[in-house]
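Only one structure is covered here, and it is reproduced in the block below.
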Amino acid sequence: MRAYRLADFDSLDSLRLHQEPDPRPQRGEVLVRVRAVSLNFRDIAILRGRYPRRSVPGLVPVSDAAGEVVAVGEDVHAFKVGDRVLGAFHPRWFGGHVPSTILRDSYGAENDGWLCELKAVSQEAVVPLPDALSFEEGATLPCAGVTAWNALSGATPVRAGHTVLVQGSGGVSIFALQLACAVGARVIATTSSEAKARTLRALGAAEVVNYADDPDWGRTVRALTGGRGVDRVVEVGGPGTLGQSLRAVAVGGEIASIGFLSTDNPGIDFFQFKASGAILRNIAVGDRTLLEDLVRAVVATGLKPVIHRVFEFDAAKAAFAHLESATHVGKVVIRLPG
Ligand SMILES: NC(=O)c1ccc[n+]([C@@H]2O[C@H](COP(=O)([O-])OP(=O)(O)OC[C@H]3O[C@@H](n4cnc5c(N)ncnc54)[C@H](OP(=O)(O)O)[C@@H]3O)[C@@H](O)[C@H]2O)c1
């Protein structure tokens with residue numbers, strides 16, 4: 001089989017295609033023919049050495065995939081040959097508290113990921129992919145989809161009447177916009193691009209604020225709620241946006257802390273945080289149960305994952321470059337032959 005490996009963290013040229021022996025499923029494992037993977041900012045962060053943790057060089061990158069089961073090991077009862085599946089982002093977090101082993105299990109950072117033709121994984125590390133979703137659509141769900149669903153869930157799930165702030169037009173934010181609209185919430189979106197603002201409105205955003213033109217966009221967002229503030233912030237900007245998110249959030253509202261897209265790190269004012277009355281919740285994608293919930297929600301609502309562009313397996317480097325250019329809206333996908 002063919003597999004890409006990231007030799008080091010220098011440049012895109014470090015992503016090299018290798019011919020390797022086909023993996024064989026061991027007891028309890030399924031062998032998946034990968035049919036589509038989706039890229040996340042995380043894949044670029046690992047490549048550029050910007051990931052918060054050190055990654056192991058030489059691994060197969062990419063965390064998110066969908067495919068079909070082509071062989072099963074002994075004692076596999078959950079799946080059979082021919083089943084369509086998608087991989088869980090955390091292969092050993094099934095529900096409940098975050099396991100202490102979570103960092104060691106991470107695809108592409110600590111273990112081989114999914115940018116390969118065949119992968120043997122535990123039957124517990126995949127969930128069924130319903131017929132309503134293509135392989136390309138399914139592959140968008142494990143990280144970006146689950147993270148967005150998690151951000152809207154938590155102790156006080158977002159529901160009709162709530163206002164949600166989403167930042168930018170990347171994978172997590174677009175899922176958060178679509179899912180928030182699906183549960184009847186009002187969405188305010190930020191972007192740096194007028195063209196993307198039109199797409200965000202077409203996808204259901206009630207208001208769009210250009211954060212590049214308006215450095216005090218948090219205050220603008222708050223004004224758009226009549227001064228009350230938003231109930232939930234889907235915080236993907238991180239160090240450079242948290243201060244504005246604190247201006248935008250309602251007293252008792254929640255900031256779901258997800259990302260680190262911004263390159264500046266001005267720090268936050270403790271007293272601003274305290275005075276905001278906000279709840280800050282750290283998100284680590286989500287467990288397998290949440291992925292199963294999300295798949296059900298996507299099918300039930302007819303939500304169509306927004307795929308900006310699909311690349312062929314041979315053009316994987318171009319797919320990484322495309323994601324890094326940040327010209328996309330939603331997800332960038334790589335397709336593999338059947
Ligand atoms: N903690 C977790 O569980 C978790 C899970 C998934 C993702 N993440 C993190 O969440 C972030 C988003 O991931 P992604 O895969 O959705 O990214 P992505 O698809 O690469 O998003 C790129 C888009 O984000 C927007 N953006 C860039 N810098 C921004 C800034 N300073 N303020 C607001 N928007 C900005 C831009 O949109 P416009 O062009 O519209 O401005 C850009 O096109 C990343 O930091 C990722 O590592 C964390």
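The values are calculated or read from the model by the stated rules, or taken from the named source; none is laboratory data. Keep in mind it's a predicted model, so treat the numbers as computed, not measured. Positions of Cβ are generated from backbone atoms using ideal geometry, with glycine treated the same way; all protein chains shown enter the neighbour counts.
General observations
- Qualifying residues in region 16-53 (those that are in a loop (DSSP other than H, G, I, E, B) and buried (at least 16 other Cβ atoms within 10 Å of the Cβ)) - the one farthest from the ligand (Cβ to nearest atom): 25
- Conditions (1) out of contact with any Lys or Arg (no Cβ under 7 Å at 6 or more places or on another chain); (2) within 11 Å of the ligand (Cβ to nearest atom); (3) modelled with pLDDT of 95 or more; number of the one not met by residue 329: (1)
- The criterion of at least 2 residues that are farther than 19 Å from residue 298 by Cα and hydrophobic (A, V, I, L, M, F, W, C) is met, among helices (runs of 4 or more DSSP H) falling completely within region 158-229, by 194-202, 217-223.
- For region 230-247, a tally of residues being assigned to a loop (DSSP other than H, G, I, E, B) and within 19 Å of residue 274 (Cα to Cα) returns 1.
- Residues that are under 30 Å from residue 72 (Cβ atoms) and either of a type in the set (Phe, Trp, Tyr) or not in a strand (DSSP E or B) (or both) within region 1-15 comprise 1, 4, listed in sequence order.
- Of all residues in region 285-305 being part of a loop (DSSP other than H, G, I, E, B) and crowded, with 20+ Cβ neighbours inside 10 Å, the one that is nearest to the ligand (Cβ to nearest atom): 285
- Number of residues in region 118-153 that are of a type in the set (A, V, I, L, M) and either within 13 Å of residue 29 (Cα to Cα) or away from the ligand (no atom under 16 Å from the Cβ) (or both): the value is 9.
- When restricted to residues that are in a loop (DSSP other than H, G, I, E, B) and touching a strand residue (DSSP E or B) at 6+ places or on another chain (Cβ under 7 Å), region 90-116 contains 6.
- Scanning region 301-338 for residues that are of a type in the set (A, V, I, L, M), in contact with a strand residue (DSSP E or B) (Cβ under 8 Å, 6 or more places away or on another chain) and within 17 Å of residue 66 (Cβ to Cβ) yields a count of 9.
- If you go through region 251-284 and keep only what is aromatic (Phe, Trp, Tyr) and away from the ligand (no atom under 16 Å from the Cβ), you end up with 270, 271, 273.
Yes or no, residue by residue, for (1) of a type in the set (Gly, Ala, Ser); (2) buried (at least 24 other Cβ atoms within 10 Å of the Cβ):
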residue: 146; (1), (2): no, yes
residue: 167; (1), (2): no, yes
residue: 175; (1), (2): no, yes
residue: 195; (1), (2): yes, no
residue: 202; (1), (2): yes, no
residue: 220; (1), (2): no, no
residue: 227; (1), (2): yes, no
residue: 233; (1), (2): no, yes
residue: 236; (1), (2): no, yes
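- Looking across region 221-250, just one residue is more than 15 Å from the ligand (Cβ to nearest atom) and of a type in the set (Asp, Glu), and that is 231.
- Checklist (1) closer than 30 Å to residue 154 by Cα; (2) surrounded by fewer than 14 Cβ atoms within 10 Å (Cβ to Cβ); (3) among the hydrophobic types (A, V, I, L, M, F, W, C) applied to residue 56, failing item: (1)
Okay, residues lined up against (1) touching a residue at least 60 places away in the same chain (Cβ under 8 Å); (2) hydroxyl-bearing (Ser, Thr, Tyr):
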site	(1), (2)
120	yes, no
138	yes, no
143	yes, no
148	yes, no
157	no, no
163	yes, yes
173	yes, yes
183	no, no
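- Region 310-330 residues that are not assigned by TED's automatic domain parsing to the domain that holds residue 38, paired with ones that are surrounded by 15 or more Cβ atoms within 10 Å (Cβ to Cβ) and among the hydroxyl-bearing types (Ser, Thr, Tyr) (beta carbon under 9 Å, 6 or more apart): none
- Where a residue in region 234-246 is under 13 Å from residue 166 (Cβ atoms) and its partner, wherever it lies, is aliphatic (A, V, I, L, M) and in a helix (DSSP H, G or I), with Cβ under 7 Å and at least six apart: 234/148; 234/151; 234/172; 234/176; 235/242; 236/172
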